[in-house]
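**Student:** Below is the structure I would like to discuss, written out as structure tokens.
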Amino acid sequence: MMKRSVIDILDLTLEEIEGLLDTAQDIIANPDKYARACARKKLATLFFEPSTRTRLSFEAAMYELGGSVLSVTDAASSSAAKGESVADTAKTVSCYADIIAMRHPKEGAALVAAHSAAIPVINAGDGGHCHPTQTMADLLTIRREKGAFSDLTIGLCGDLKFGRTVHSLINAMARYPGNRFVLISPEELKLPSYVKKDVLAKNGIPYTQTTSLEKAMPELDVLYMTRVQRERFFNEEDYLRLKDSYILDMQKLRTAKPDLCVMHPLPRVNEIAVEVDDDPRACYFKQVLNGKYMRMALILKLLEVEV
Ligand code: CP
């Protein structure tokens, strides 16, 4: 049997996503049932780019399933620093572990790893391309907060050019009926035209573009804030000019719907004032926790563990 990897959220069918969401909710309700599900299984977390949430939630997920973890926490501490290829790294790690979660600064690195590995590979973020498990965390959050994935007006705000979480979320939400997007960004950080053309236009998904968060606010059901991605800029001057383009605070939330769901993949820099954290509409730390449950569900699925 071919091993199954997840590189892009579109590698999962809608039915599979529903199944993962159901599993995650069952894990939340019955954690003890899963406590030994992955006994004797090993997860390798290969992180060649910084991370707090994704790496630690993958590792927490595997421990809570009764498995264990091998970890590369930065490129400098692995043989990548000596020039070893992603393909050879994946073949090597296949000798020690049962499943890989990989983050890499280069777009396509996780796909290369998946082609070479003998075990499933999960893309934990590849450059500005995709971050499917963040999207799974986002979907569980939207399901728990809004009750459904359809007929929502979703505002995406900030760095829509380099924000891989935004690209993955658009791909996911475009598959459900009745959704529309409001794309809020500075001119220089607009959503890439290939996403607009290949995902939004191709599927007849309505969207508008604006530079004003204030104007967009009253119509939104979900507001997805993002960080300006310093690490993807070619020069510091442009980053410094754009980094504080949008700062969500209580003043801006005054015109928002009472049941708005405010999300952010985190880490935040200045995009959301700390005062917003206590507002019941702030859902970004719920996203963090939901990420662990969805990663548990995905590990179970790719290792074909029945509970
Ligand atoms: N959301 C996310 O990917 O966070 P980390 O970079 O901390 O993993």
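**Student:** List the number of the failed condition for Gly125; all other conditions in (1) outside any helix (DSSP H, G or I); (2) open to solvent by 10 Å² or more (accessible area, probe 1.4 Å); (3) not assigned by TED's automatic domain parsing to the domain that holds Met225 hold.
**Tutor:** (2)
**Student:** Out of all the residues in region 37-74, which are under 20 Å from the mean Cα position of the chain (by Cα), in a loop (DSSP other than H, G, I, E, B) and either within 11 Å of the ligand (Cβ to nearest atom) or aliphatic (A, V, I, L, M) (or both)?
**Tutor:** Answer for region 37-74, where residues must be under 20 Å from the mean Cα position of the chain (by Cα), in a loop (DSSP other than H, G, I, E, B) and either within 11 Å of the ligand (Cβ to nearest atom) or aliphatic (A, V, I, L, M) (or both): Glu49, Pro50, Ser51, Thr52.
**Student:** Also: Can Tyr239 be described as among the hydroxyl-bearing types (Ser, Thr, Tyr), open to solvent by less than 70 Å² (accessible area, probe 1.4 Å), in contact with a helix residue (DSSP H, G or I) (Cβ under 8 Å, 6 or more places away or on another chain) and at pLDDT 95 or above?
**Tutor:** The answer is no for Tyr239.
**Student:** Taking the conditions exactly as written (open to solvent by 10 Å² or more (accessible area, probe 1.4 Å), without any contact (Cβ under 8 Å) to a residue 60 or more places away in the chain, within 16 Å of the ligand (Cβ to nearest atom) and outside the structural domain of Asp259 (by TED's automatic domain parsing)), does Arg164 satisfy them or not?
**Tutor:** no
**Student:** Among the listed residues Pro265, Pro258, identify the single one that is surrounded by 23 or more Cβ atoms within 10 Å (Cβ to Cβ) and modelled with pLDDT of 85 or more. Even if it seems obvious, please write down each step before you answer.
**Tutor:** Details: Pro258 fails: surrounded by 23 or more Cβ atoms within 10 Å (Cβ to Cβ).
After applying the criteria, what remains is Pro265.
**Student:** Val262 versus (1) outside any strand (DSSP E or B); (2) closer than 19 Å to Ser168 by Cβ: which is the lone unmet condition?
**Tutor:** Checking Val262 against (1) outside any strand (DSSP E or B); (2) closer than 19 Å to Ser168 by Cβ, the one that fails is (1).
**Student:** For region 242-255, what are the residues that are open to solvent by 40 Å² or more (accessible area, probe 1.4 Å), part of a helix (DSSP H, G or I) and closer than 17 Å to Leu156 by Cα?
**Tutor:** Within region 242-255, just Lys252 meets the criteria.
**Student:** A follow-up question, please. For region 95-113, how many residues are crowded, with 24+ Cβ neighbours inside 10 Å and assigned to a helix (DSSP H, G or I)?
**Tutor:** Adding up the residues that qualify gives 3.
**Student:** Moving on to the next point. Write out, first by first residue and then by second, each pair whose Cβ atoms fall under 9 Å of each other, whose residues are 6+ apart or on separate chains, and whose first residue, in region 47-61, is under 19 Å from Ser79 (Cα atoms) while the second is open to solvent by 30 Å² or more (accessible area, probe 1.4 Å) and within 8 Å of the ligand (Cβ to nearest atom).
**Tutor:** Sorted first by the residue in region 47-61, then by its partner, the pairs are Phe47/Arg55.
The values are calculated or read from the model by the stated rules, or taken from the named source; none is laboratory data. If you're wondering where the values come from, they're calculated on a predicted model, not measured in any experiment. With ideal geometry, Cβ positions are generated from the backbone for all residues, glycine too; neighbour counts draw on all protein chains shown. Side chains included, ligands, DNA and RNA excluded: accessible areas come from the protein's heavy atoms. Shrake-Rupley method; radii C 1.70, N 1.55, O 1.52, S 1.80 Å.
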